[in-house]
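One structure is given below, encoded as structure tokens.
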Amino acid sequence: MNEKRSISIVGLSPLKSWGMKSLLRESWNGKVEYFSSFKEFFPYAEKMHAFIVSTDVYACNIDFFLPKRQKTMIVSRSKEFREDISGVSMISDSWDLTEIKEGVQRFLSGIDYISEPKGELSGRETEVLRLIASGKINKEIADTLCISVNTVITHRKNLSSKLGIKSASGLSLYAMMNGII
């Protein structure tokens, strides 16, 4: 893989984007690309390694960013920082420079260890996901699909690996937002 990894900055003002690019140059050995809107960004989305987005862009396109939440950082206008339980990194544009640098550094160190998605969901994985979203437990899924509980567990592990989502509620939300249920 000789191609440099890219971080996209989406929906920040040109000034904030310029500042973010300057911070990233200090510690990111890859490309940084700026897009003023999600619409402009979307054709290039799958080529990007990570995403730095405004709260508005994230909220309006949550179906895109939710499965990629471990590779996404939100730049918020809020002064208060709350550790986000959904796994999305957050920084505030009202923090002092030291806090912003620390937040960016945490984000960058985290995305270096995230594996890329391992492909599309198979038909059976989609069936298992649909049944998880309907509230069935592993034994019920196994009985419904006439497979062993161990096979169900393997499918769940594959789903978690491909989607980066570990909880049943997160998988259910993903299934709902992507038209699987």
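Nothing in this text is a laboratory measurement; each read-out follows from the coordinates by a stated rule. As the structure is a computational prediction, the values presented were derived from the model and not from experiment. Reconstructed Cβ throughout: ideal geometry from the backbone, glycine too, with neighbour counts over all protein chains shown.
For the reader, a short list of remarks on this structure follows.
- Between helix 97-111 and the chain: long-axis angle, C-alpha atoms, 0 to 90°, nearest 10: 30 degrees
- Computed Kirkwood radius, in angstrom, where 1/r is averaged over Cα pairs of the chain: 17.7 Å
- Simple spin-label estimate for residue 178 and residue 25 gives 3.7 nm between the two label positions (7 Å along the Cα-to-Cβ direction from each Cα).
- For the chain, built as a Gaussian network whose Cα springs stay under 10 Å, the top-fluctuating residue of 100, 147, 91: 147
- Chain lengthening between residue 122 and residue 36 when straightened (0.36 nm per residue, less Cα-Cα): 27.5 nm
- Calculated Rg and Dmax of segment 6-111 using C-alpha coordinates, Å: 12.4, 34
- Violating pairs (Cα-Cα greater than 32 angstrom) within the set 136/162; 101/157; 16/68; 39/139: 101/157; 39/139
- Mean ellipticity per residue at 222 nm, deg cm²/dmol - from DSSP H runs of n ≥ 4 across the chain, formula -39500 (n - 2.57): -14000 deg cm²/dmol
- Residue among 93, 63, 143 with the largest mean-square fluctuation in a Gaussian network model of the chain, springs linking Cα atoms under 10 Å: 143
- The residue list 88, 147, 17 was ranked by how far each Cα lies along the charge dipole of the chain toward its positive end, using unit charges on Cβ atoms, and 147 comes out on top.
- Net charge dipole size for the chain [Lys, Arg +1 and Asp, Glu -1 on Cβ; Debye, nearest 20]: 240 debye
- Exposure proxy ranking for 28, 95, 18, based on other Cβ atoms within 10 angstrom of each Cβ and starting from the fewest, stands as 18, 95, 28.
- Degrees between helix 168-177 axis and first principal axis of the chain (Cα, 0 to 90, nearest 10): 80 degrees
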